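Please read the structure below before turning to the comments.
The values are calculated or read from the model by the stated rules, or taken from the named source; none is laboratory data. This structure is a prediction, so every number in the text was calculated from the model and none was measured. Positions of Cβ are backbone-derived with ideal geometry, glycine not excepted, and every protein chain shown enters the neighbour counts.
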Amino acid sequence: MKYKNISQGIFLERLHRFGALVEIDGVVEYVHVKNTGRCRELFIPGVKVYLEKSDNPERKTKYSLISVYKKEMLVNIDSQVPNQVVHEALLNGKISGFDDVCCLKREVTYGNSRFDIYYETESGSRGYIEVKGVTLDDSGTAMFPDAPTLRGKKHLIELADAKKAGFEAHVLFMIQYKPANVFTPNRVMDQAFADALTFAADSGVSIHAYDSVVTEDEITVGDSVQVRLV
(Lines give C-alpha, C1' and ligand atoms only; values in the text may rest on other atoms or scores of the structure.)
Protein backbone atom coordinates (compact mmCIF):
# COMPACT_ATOMS: atom_id res chain seq x y z
CA MET A 1 0.00 0.00 0.00
CA LYS A 2 1.59 3.24 -1.17
CA TYR A 3 0.74 6.78 -0.17
CA LYS A 4 1.25 9.87 -2.27
CA ASN A 5 2.15 13.52 -1.59
CA ILE A 6 4.10 12.77 1.59
CA SER A 7 5.31 15.56 3.89
CA GLN A 8 7.48 15.42 6.98
CA GLY A 9 6.51 17.25 10.15
CA ILE A 10 7.04 17.66 13.88
CA PHE A 11 4.19 16.57 16.15
CA LEU A 12 3.06 19.28 18.56
CA GLU A 13 -0.23 18.36 20.25
CA ARG A 14 -3.22 16.06 19.92
CA LEU A 15 -6.36 18.14 20.33
CA HIS A 16 -8.97 15.35 20.19
CA ARG A 17 -9.52 11.90 18.64
CA PHE A 18 -9.50 13.15 15.06
CA GLY A 19 -7.24 16.20 15.12
CA ALA A 20 -3.74 17.32 16.05
CA LEU A 21 -1.31 20.19 15.54
CA VAL A 22 1.81 19.46 13.48
CA GLU A 23 4.55 21.81 12.31
CA ILE A 24 5.18 21.38 8.58
CA ASP A 25 7.86 23.47 6.89
CA GLY A 26 7.74 25.98 9.72
CA VAL A 27 3.95 26.36 9.64
CA VAL A 28 1.63 24.97 12.34
CA GLU A 29 -1.12 22.96 10.65
CA TYR A 30 -4.29 21.42 12.05
CA VAL A 31 -4.22 17.84 10.66
CA HIS A 32 -6.49 14.82 10.55
CA VAL A 33 -5.41 11.88 12.73
CA LYS A 34 -6.16 8.58 11.00
CA ASN A 35 -6.43 6.64 14.26
CA THR A 36 -8.99 7.11 17.04
CA GLY A 37 -7.01 4.97 19.50
CA ARG A 38 -5.16 6.58 22.37
CA CYS A 39 -1.61 6.11 20.98
CA ARG A 40 -0.27 7.96 24.02
CA GLU A 41 3.15 6.33 23.74
CA LEU A 42 3.44 7.65 20.16
CA PHE A 43 1.93 11.13 20.14
CA ILE A 44 4.70 12.87 22.04
CA PRO A 45 5.48 16.54 21.35
CA GLY A 46 8.58 16.90 19.22
CA VAL A 47 8.59 13.51 17.48
CA LYS A 48 9.03 13.30 13.71
CA VAL A 49 5.93 12.31 11.74
CA TYR A 50 4.87 11.76 8.15
CA LEU A 51 1.66 13.04 6.62
CA GLU A 52 -0.22 12.62 3.36
CA LYS A 53 -1.38 15.84 1.71
CA SER A 54 -4.88 15.69 0.26
CA ASP A 55 -5.54 16.68 -3.34
CA ASN A 56 -9.12 17.65 -2.42
CA PRO A 57 -9.26 21.46 -2.11
CA GLU A 58 -12.61 21.28 -0.25
CA ARG A 59 -11.29 19.22 2.66
CA LYS A 60 -11.20 20.98 6.02
CA THR A 61 -7.74 19.57 6.72
CA LYS A 62 -5.00 19.55 4.09
CA TYR A 63 -3.01 16.77 5.75
CA SER A 64 -3.59 13.34 7.31
CA LEU A 65 -1.14 11.98 9.88
CA ILE A 66 -0.09 8.46 8.83
CA SER A 67 3.10 7.52 10.70
CA VAL A 68 5.09 8.44 13.79
CA TYR A 69 8.64 7.73 14.89
CA LYS A 70 9.05 5.93 18.21
CA LYS A 71 12.80 6.40 18.73
CA GLU A 72 14.27 4.71 15.62
CA MET A 73 11.12 2.72 14.76
CA LEU A 74 8.58 4.12 12.31
CA VAL A 75 5.02 3.17 13.29
CA ASN A 76 2.17 3.44 10.81
CA ILE A 77 -0.91 4.68 12.71
CA ASP A 78 -3.43 4.67 9.84
CA SER A 79 -6.29 2.52 11.16
CA GLN A 80 -7.89 2.38 7.71
CA VAL A 81 -4.94 0.69 6.03
CA PRO A 82 -4.53 -2.80 7.66
CA ASN A 83 -7.53 -4.30 5.81
CA GLN A 84 -6.19 -3.14 2.47
CA VAL A 85 -2.65 -4.30 3.20
CA VAL A 86 -3.81 -7.77 4.23
CA HIS A 87 -6.11 -7.98 1.19
CA GLU A 88 -3.15 -7.17 -1.08
CA ALA A 89 -0.98 -9.72 0.74
CA LEU A 90 -3.59 -12.45 0.26
CA LEU A 91 -3.81 -11.65 -3.45
CA ASN A 92 -0.02 -11.92 -3.68
CA GLY A 93 0.28 -15.11 -1.61
CA LYS A 94 2.14 -13.43 1.26
CA ILE A 95 0.00 -14.87 4.09
CA SER A 96 0.82 -18.46 5.04
CA GLY A 97 -2.01 -20.98 4.73
CA PHE A 98 -4.01 -19.14 2.07
CA ASP A 99 -2.23 -20.41 -1.03
CA ASP A 100 -5.31 -21.71 -2.86
CA VAL A 101 -7.65 -18.74 -2.33
CA CYS A 102 -9.66 -18.13 -5.49
CA CYS A 103 -12.20 -15.55 -4.32
CA LEU A 104 -11.80 -12.55 -2.02
CA LYS A 105 -14.44 -10.05 -0.92
CA ARG A 106 -14.08 -7.17 1.51
CA GLU A 107 -16.53 -5.96 4.17
CA VAL A 108 -18.91 -8.94 4.20
CA THR A 109 -21.74 -9.24 6.74
CA TYR A 110 -22.14 -12.30 8.93
CA GLY A 111 -24.70 -12.30 11.73
CA ASN A 112 -24.50 -8.94 13.47
CA SER A 113 -20.95 -8.23 12.34
CA ARG A 114 -19.21 -7.13 9.19
CA PHE A 115 -15.94 -8.97 8.76
CA ASP A 116 -13.06 -7.46 6.84
CA ILE A 117 -12.51 -10.29 4.36
CA TYR A 118 -14.50 -13.24 3.05
CA TYR A 119 -12.68 -15.87 1.00
CA GLU A 120 -13.25 -19.08 -0.90
CA THR A 121 -10.60 -21.63 -1.85
CA GLU A 122 -10.14 -23.91 -4.83
CA SER A 123 -10.61 -26.88 -2.48
CA GLY A 124 -14.12 -25.66 -1.59
CA SER A 125 -13.70 -24.13 1.85
CA ARG A 126 -15.14 -20.75 2.83
CA GLY A 127 -14.09 -18.45 5.59
CA TYR A 128 -13.88 -15.04 7.21
CA ILE A 129 -10.88 -12.98 8.29
CA GLU A 130 -11.11 -10.12 10.75
CA VAL A 131 -8.09 -7.79 10.64
CA LYS A 132 -6.96 -5.76 13.67
CA GLY A 133 -4.31 -3.07 13.33
CA VAL A 134 -1.74 -2.96 16.15
CA THR A 135 0.33 0.11 17.03
CA LEU A 136 1.13 -0.54 20.71
CA ASP A 137 4.67 -1.79 21.42
CA ASP A 138 6.01 -2.72 24.85
CA SER A 139 9.73 -3.52 24.55
CA GLY A 140 9.26 -5.80 21.55
CA THR A 141 5.85 -7.16 22.55
CA ALA A 142 2.99 -6.06 20.30
CA MET A 143 -0.29 -5.61 22.15
CA PHE A 144 -3.94 -5.01 21.25
CA PRO A 145 -6.06 -3.10 22.09
CA ASP A 146 -4.72 0.21 23.40
CA ALA A 147 -8.25 1.15 24.55
CA PRO A 148 -11.28 -0.97 25.52
CA THR A 149 -13.17 -2.30 22.48
CA LEU A 150 -16.65 -3.78 22.76
CA ARG A 151 -16.76 -4.00 18.97
CA GLY A 152 -13.59 -6.09 18.92
CA LYS A 153 -15.02 -8.51 21.48
CA LYS A 154 -18.21 -8.86 19.43
CA HIS A 155 -16.20 -9.71 16.32
CA LEU A 156 -14.43 -12.53 18.15
CA ILE A 157 -17.67 -14.03 19.42
CA GLU A 158 -19.17 -13.85 15.92
CA LEU A 159 -16.06 -15.51 14.45
CA ALA A 160 -16.48 -18.38 16.90
CA ASP A 161 -20.10 -18.67 15.79
CA ALA A 162 -19.06 -18.72 12.12
CA LYS A 163 -16.59 -21.51 12.88
CA LYS A 164 -19.34 -23.49 14.60
CA ALA A 165 -21.54 -22.98 11.51
CA GLY A 166 -18.93 -24.61 9.26
CA PHE A 167 -16.90 -21.67 8.00
CA GLU A 168 -13.19 -21.24 8.47
CA ALA A 169 -12.52 -18.29 10.78
CA HIS A 170 -9.43 -16.19 11.40
CA VAL A 171 -8.37 -13.06 13.21
CA LEU A 172 -5.18 -11.45 11.92
CA PHE A 173 -3.36 -8.86 14.00
CA MET A 174 -1.39 -6.66 11.63
CA ILE A 175 1.38 -5.03 13.63
CA GLN A 176 2.01 -1.69 11.96
CA TYR A 177 5.75 -1.60 12.60
CA LYS A 178 8.85 -3.82 12.63
CA PRO A 179 10.27 -5.60 14.49
CA ALA A 180 7.96 -7.34 16.94
CA ASN A 181 9.06 -10.41 18.89
CA VAL A 182 5.64 -11.62 20.03
CA PHE A 183 1.98 -10.59 20.03
CA THR A 184 -0.25 -10.82 23.07
CA PRO A 185 -3.66 -9.37 23.99
CA ASN A 186 -3.53 -6.34 26.28
CA ARG A 187 -5.19 -7.83 29.35
CA VAL A 188 -4.46 -4.81 31.52
CA MET A 189 -6.38 -2.55 29.12
CA ASP A 190 -9.22 -4.91 28.16
CA GLN A 191 -9.57 -8.19 30.01
CA ALA A 192 -12.89 -8.92 28.27
CA PHE A 193 -11.28 -8.75 24.83
CA ALA A 194 -8.42 -10.98 25.95
CA ASP A 195 -10.88 -13.54 27.35
CA ALA A 196 -12.89 -13.41 24.12
CA LEU A 197 -9.72 -14.02 22.10
CA THR A 198 -8.95 -17.11 24.19
CA PHE A 199 -12.57 -18.27 23.77
CA ALA A 200 -12.31 -17.80 19.99
CA ALA A 201 -9.06 -19.76 19.84
CA ASP A 202 -10.58 -22.56 21.92
CA SER A 203 -13.55 -22.56 19.51
CA GLY A 204 -11.27 -23.19 16.52
CA VAL A 205 -10.69 -19.65 15.30
CA SER A 206 -7.14 -19.30 13.95
CA ILE A 207 -5.11 -16.45 15.45
CA HIS A 208 -2.38 -14.87 13.31
CA ALA A 209 0.01 -11.95 13.74
CA TYR A 210 2.26 -10.31 11.16
CA ASP A 211 4.55 -7.33 11.44
CA SER A 212 4.91 -4.72 8.68
CA VAL A 213 7.57 -3.11 6.58
CA VAL A 214 6.94 0.63 7.02
CA THR A 215 8.56 3.47 5.08
CA GLU A 216 7.60 7.11 4.82
CA ASP A 217 5.26 6.41 1.86
CA GLU A 218 4.45 2.68 2.03
CA ILE A 219 3.36 -0.18 4.28
CA THR A 220 3.43 -3.87 3.35
CA VAL A 221 2.99 -7.13 5.25
CA GLY A 222 6.23 -8.38 6.79
CA ASP A 223 6.91 -11.56 8.76
CA SER A 224 4.80 -13.87 10.87
CA VAL A 225 5.01 -13.11 14.60
CA GLN A 226 4.50 -15.54 17.46
CA VAL A 227 1.12 -15.29 19.22
CA ARG A 228 1.00 -15.73 22.99
CA LEU A 229 -2.48 -15.76 24.51
CA VAL A 230 -1.44 -16.24 28.14
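Give the residue, chosen from Y119, Y110, that is over 20 Å from the mean Cα position of the chain (by Cα), closer than 18 Å to K132 by Cβ and touching a residue at least 12 places away in the same chain (Cβ under 8 Å).
Values: Y119 fails: over 20 Å from the mean Cα position of the chain (by Cα).
Of Y119, Y110, the one residue that is over 20 Å from the mean Cα position of the chain (by Cα), closer than 18 Å to K132 by Cβ and touching a residue at least 12 places away in the same chain (Cβ under 8 Å) is Y110.
Let's see how each residue does on (1) part of a strand (DSSP E or B); (2) under 17 Å from I95 (Cα atoms); (3) modelled with pLDDT under 95:
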residue: D137; (1), (2), (3): yes, no, no
residue: A147; (1), (2), (3): no, no, yes
residue: I157; (1), (2), (3): no, no, no
residue: A162; (1), (2), (3): no, no, no
residue: P179; (1), (2), (3): no, no, yes
residue: A192; (1), (2), (3): no, no, no
residue: H208; (1), (2), (3): yes, yes, no
residue: V221; (1), (2), (3): yes, yes, no
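Any idea which residue in the range 78-129 is surrounded by the most Cβ atoms within 10 Å (Cβ to Cβ), counting only those that are among the small types (G, A, S) and under 21 Å from K153 (Cα atoms)? Give the steps one after another, and end with the answer.
Going residue by residue through the range 78-129, those that are among the small types (G, A, S) are 79, 89, 93, 96-97, 111, 113, 123-125, 127.
Still in the running and under 21 Å from K153 (Cα atoms): 79, 111, 113, 127.
On the way: S79: 17, G111: 13, S113: 18, G127: 21.
Looking at the filtered set, the residue picked out is G127.
Among the residues of the range 163-205 satisfying the criterion of being in contact with a Lys or Arg (Cβ under 9 Å, 6 or more places away or on another chain) and either among the hydroxyl-bearing types (S, T, Y) or outside the structural domain of L90 (by TED's automatic domain parsing) (or both), which is nearest to Q80 (Cα to Cα)?
Y177
Which residue out of V31, V75, V22 is touching a Phe, Trp or Tyr at 6+ places or on another chain (Cβ under 8 Å), surrounded by 13 or more Cβ atoms within 10 Å (Cβ to Cβ) and closer than 17 Å to L136 by Cβ? Quick ask: steps written out before the conclusion?
Working: V31 fails: closer than 17 Å to L136 by Cβ; V22 fails: closer than 17 Å to L136 by Cβ.
The unique qualifying residue is V75.
Residues in the range 148-164: is at least one in contact (Cβ under 8 Å) with a residue 60 or more places away in the chain and either in contact with a Gly (Cβ under 6 Å, 6 or more places away or on another chain) or over 23 Å from I66 (Cβ atoms) (or both)?
Step one: list which residues in the range 148-164 are in contact (Cβ under 8 Å) with a residue 60 or more places away in the chain, which gives none.
No, the range 148-164 contains no residue that is in contact (Cβ under 8 Å) with a residue 60 or more places away in the chain and either in contact with a Gly (Cβ under 6 Å, 6 or more places away or on another chain) or over 23 Å from I66 (Cβ atoms) (or both).
Being among the hydrophobic types (A, V, I, L, M, F, W, C) and either surrounded by fewer than 21 Cβ atoms within 10 Å (Cβ to Cβ) or under 21 Å from K2 (Cα atoms) (or both), is that true of even one residue in the range 136-144?
no
For T36, which of the numbered conditions (1) touching a strand residue (DSSP E or B) at 6+ places or on another chain (Cβ under 9 Å); (2) surrounded by fewer than 13 Cβ atoms within 10 Å (Cβ to Cβ) fails to hold?
The single condition T36 does not satisfy is (1).
Within the range 53-60, is even one residue touching a residue at least 24 places away in the same chain (Cβ under 8 Å) and within 20 Å of the chain's Cα centre (by Cα)?
Within the range 53-60 (the criterion being touching a residue at least 24 places away in the same chain (Cβ under 8 Å) and within 20 Å of the chain's Cα centre (by Cα)), the answer is no, since none of the residues qualifies.
Could you count how many residues in the range 113-163 are among the small types (G, A, S) and closer than 19 Å to C39 by Cβ?
Our first condition is that a residue be among the small types (G, A, S); within the range 113-163, this holds for 113, 123-125, 127, 133, 139-140, 142, 147, 152, 160, 162.
Cutting the leftovers down to closer than 19 Å to C39 by Cβ gives us 133, 139-140, 142, 147, 152.
Counting residues in the range 113-163 that are among the small types (G, A, S) and closer than 19 Å to C39 by Cβ gives 6.
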